[in-house]
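Read-outs throughout are calculated quantities, based only on the coordinates presented, and are distinct from any laboratory measurement. Model, not experiment: these values are computed from the prediction. Cβ placement follows ideal geometry from the backbone for every residue including glycine, while neighbour counts extend to all protein chains displayed.
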Amino acid sequence: MSRDRAELLVIALLLAAAAAAVGFVVAYLDGADTQTLGIAGGIAFAGLAAAAIVAGASVVRSLPSTESRPDYSYEDDDFDGQGDVSGLRDDLAAGADGISRRKLLAGSAGLAGAALGGALVVPLASLGPSTTALTSSPWRSGVRLVDENGVPVESTVLQEGSFLTAFPGGAEANTFGAPVVVVRVDPAGLELPPGREGWAPEGFLAFSKICTHAGCAVNLYRSPLYEPTSPDPALVCPCHYSTFDVRRGAEVVFGPAGRPLPQLPLRIEDGILVADGGLSGRVGPAWRGVREQ
Amino acid sequence: MRSARLATALAIVTAALAPAATASSTTDQAGRADDGKALFREECSSCHGFAGQGIDGVAPDLRGAGTAAADFYLRTGRMPLANPGDQPLRSKPRYDEEQLDALIDYVGSLGRGPAVPSVDTAAGSVSRGQELFTSSCSGCHAISGVGGVAVGAYAPNLQGVTPTEVAEAIRVGPYVMPAFGRRQLSDADVNSIARYIEAVVDSPDDPGGWGIGHIGPVPEGMVAWLLAAVTLIVIAMLIGERRRRR
C-alpha cells in the first residue's frame with residue numbers, strides 16, 4: 001500500500017472510531033441496552049487499534065537498526081562501549097518528514113481520542129447517588145422499624161428462626177446506614193457482649209445489613225432446624241462469605257470481615273419493633289482507618 | 001414325598017405373604033399408619049428413636065414435625081441420611097409410593113404438626129413472586145434459583161422442584177433454611193413464589209443465548225478473559241515483526 005493511501009485509510013479508521021464513540025455516548029444517553037453500548041464501544045476501540053496497526057505498518061517509516069550491546073567484559077576501567085545511534089536519529093527525522101496530511105492525521109487522532117474519552121466518562125453517571133452520608137445513620141431511639149413498603153414491623157410477623165430486612169420509619173431508606181436485618185432466635189441461647197443486656201427483647205436481634213468487609217448487602221441467613229447436627233445460626237455475606245454469629249452480637253466467625261456488624265438495640269412498643277438507641281458501631285466497610293474493636 | 005414337601009413350602013410362603021398383602025391393600029388411614037410404624041421402626045428409629053422421640057445430639061424429636069416435614073424430607077430423598085451429621089441433599093427417594101404414604105402418615109400421627117400445604121400456582125402472580133423471591137429467597141438460592149453456598153451448607157438448586165416442595169420448605173425451614181410463618185409470607189405469597197419458580201427459574205430467559213450455569217458473572221468473566229486472551233495473542237502475532245535470521 002502506498003503511503004498516501006495508507007494515510008487516508010488511517011484517517012478513515014480514526015474517524016470511524018470517533019463516530020462509534022459518539023454513538024456510544026448517544027446510545028448511553030438514550031438509555032439503550034448494554035449490548036448496543038458494547039458493540040459501539042467495541043467498534044470504537046477496534047477502529048483505533050486498526051488505525052494504529054495501519055499507521056505502524058505503512059505510514060510511519062520503519063527501518064531496521066541494531067543497537068550494539070555494551071561490552072560487559074572487564075577490562076580495567078573502560079566501560080565506554082555504547083553503540084552509535086546518531087544515524088538512527090537522522091533516519092527517524094527523514095521518515096517523519098515524509099508524512100503529508102500531518103495536520104489531518106493529528107486532528108482525526110485527537111477527535112478519536114476525545115470521543116473515546118467522552119465515551120469512557122459518561123457511564124460515570126450510572127455510579128448512583130453520592131456517598132457523602134457514608135457514616136451517618138438515621139437510627140435513633142424511638143425510630144420504628146418498617147418493611148420495604150413502609151409498613152411497621154410487628155413482632156408477631158417473625159417466628160423464631162426467620163429473618164427479614166427492615167428500614168428506619170420516616171427516614172431515607174436508600175442510604176448506607178439505613179437497612180438492618182432482623183432475626184429472631186431462642187432468647188435462651190443469647191450470648192451478647194457485655195453491655196448489651198436488653199438489646200434483644202423476645203430474641204429479636206437487629207444488625208446493619210451492610211457487610212463490614214466490602215459493603216455488600218448481607219442477605220444469607222442460616223438458621224438450623226436441628227442445631228446439634230447443623231451449623232450455628234449466622235448471617236452470611238454473599239460476596240466473600242464473611243459469617244457473623246448472631247447470638248454473639250454478629251461476631252465474625254469466618255471470612256475476611258474485620259469487625260462485627262453494628263447491632264441495633266431494640267424494644268417492643270405496642271407489638272411493634274422500635275429502635276432503643278443508635279447502631280453500636282460505624283456502618284459499612286472497614287476502610288480509611290475504621291478499625292473499631 | 002417330593003410333592004408333599006413342595007406343598008408344605010408353598011403353604012408356608014402363602015401364609016407368610018397373606019397378612020402383608022391384606023395390609024398393603026387396605027386404604028384405611030389407621031392401617032397405613034400401622035404399616036408406617038413398622039417401617040419407621042425398621043428404617044428411622046436408629047436415629048429418631050423407637051417412638052420418634054428423637055435422640056439427643058443425633059436427630060430431632062419428630063412429635064409435632066407434621067406431615068409437611070415428613071413429606072418434604074422423604075419424597076425428595078433427603079431422608080434417610082447415611083450419617084446424622086451430613087447435610088440432607090436431594091436424591092432418589094428410597095421408598096415406593098405406598099411406603100412413603102405410610103411413613104408420612106405415621107410421622108404425622110406422632111403429634112400435632114403442620115400438614116402438607118396445598119399450593120395453587122395458578123392463583124399466584126409472577127411479578128409478586130419475583131419481588132418476594134428477590135427479598136426472601138435469592139440471598140441463598142441466587143437470583144437465578146440455581147442455589148449456592150451459605151458457609152457450611154449448600155442452598156439447593158430450585159430448578160424442577162414441585163410447588164408443594166416449595167411450600168413445605170418455606171413453612172418447615174429444612175436444615176439451615178429459615179422457616180417463614182403465615183404472618184410473614186401468606187399462603188397467597190407462597191402461591192406467587194411457587195409460580196415464579198415454575199415460570200422463571202425452571203425455564204430461564206437467557207438473552208445472551210447461553211446461561212453458562214447461571215452462577216453469576218464469574219463464568220461470564222472467564223469466557224470473556226479466554227476469548228480476549230486468544231484474540232490478543234493472534235493480533236500480537238499478526239502485527240509483530242519477526243527479525244529475519246541471517
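Among the GluC sites (Glu not before Pro) found in the stretch A:188-293, those both in a DSSP coil and sparsely packed, with 11 or fewer other Cβ atoms within 10 Å of their Cβ, are A:E191, A:E197.
Please tell me the relative contact order of chain A in percent, rounded to the nearest whole number, where contacts are Cα pairs under 8 Å and at least six residues apart. Intermediate results must be reported in sequence, preceding the final value.
On the way: 527 pairs, mean separation 44.0, N = 293.
Relative contact order comes out at 15 percent.
So what's the angle, to the nearest 10 degrees on a 0 to 90 scale, between helix A:3-29 and the longest Cα principal axis of chain A? Tilt relative to chain A: about 20 degrees.
Report Rg(Cα)/(2.2 N^0.38 Å) for the stretch B:57-158, keeping two decimals. Walk me through the numbers before you get to the answer.
Details: Rg = 15.8 Å, N = 102, 2.2 N^0.38 = 12.8 Å.
Normalised by 2.2 N^0.38 Å, the Cα Rg of the stretch B:57-158 equals 1.24.
Considering only the Cα atoms of the stretch A:120-217, their convex hull presents on average a projected area of 8.4 nm².
Once the Cα atoms are used to define both axes, helix A:102-121 deviates from the longest principal axis of chain A by about 10 degrees. Anisotropy class assigned to the stretch B:156-204 is oblate, per the alpha carbon gyration tensor with a/c at or over the 1.5 cut-off and a/b no larger than b/c. Relative to the longest principal axis of the Cα atoms of chain A, the long axis of helix A:86-97 lies at roughly 80 degrees.
Loop only by DSSP, 12 or fewer other Cβ within 10 Å of the Cβ. Give me the chymotrypsin sites (Phe, Trp or Tyr not before Pro) in the stretch B:142-246 that pass, ordered by residue number. Mind dumping the intermediate values first?
On the way: sites: B:Y154, B:Y175, B:F180, B:Y196, B:W210, B:W225; in loops: B:Y175, B:F180, B:W210.
The qualifying sites are B:W210.
Entry note, the protein assembly as shown: the mean residue ellipticity at 222 nm calculated from DSSP H runs of n ≥ 4, each adding -39500 (n - 2.57), is -12000 deg cm²/dmol after division by the residues and rounding to the nearest 500.
For the stretch B:101-126 versus the stretch B:187-246, the spacing of their alpha-carbon centroids is 40 Å. Annotation note: trypsin sites (Lys or Arg not before Pro) in the stretch A:1-70 located in DSSP loop regions with a Cβ neighbour count of at most 15 within 10 Å are A:R61. Using θ = phi - 60° in the Karplus curve 6.51 cos²θ - 1.76 cosθ + 1.60, the 3J(HN,Hα) couplings for the stretch A:151-168 round to 7, x, 7, 7, 5, 7, 5, 9, 8, 4, x, 10, 8, 7, 9, 10, 10, x Hz; x is entered for Gly and Pro.
Assign unit charges at the C-beta atoms only (+1 for Lys and Arg, -1 for Asp and Glu), then state the dipole size of chain A relative to its Cα centre in Debye, rounded to the nearest 20. Show your work: numbers first, answer last.
On the way: 21 positive and 32 negative charges, 195 e Å.
Value, rounded to 20: 940 debye.
Taking one quarter of the surface of the C-alpha convex hull of the stretch B:140-246 gives a mean projected area of 10.7 nm².
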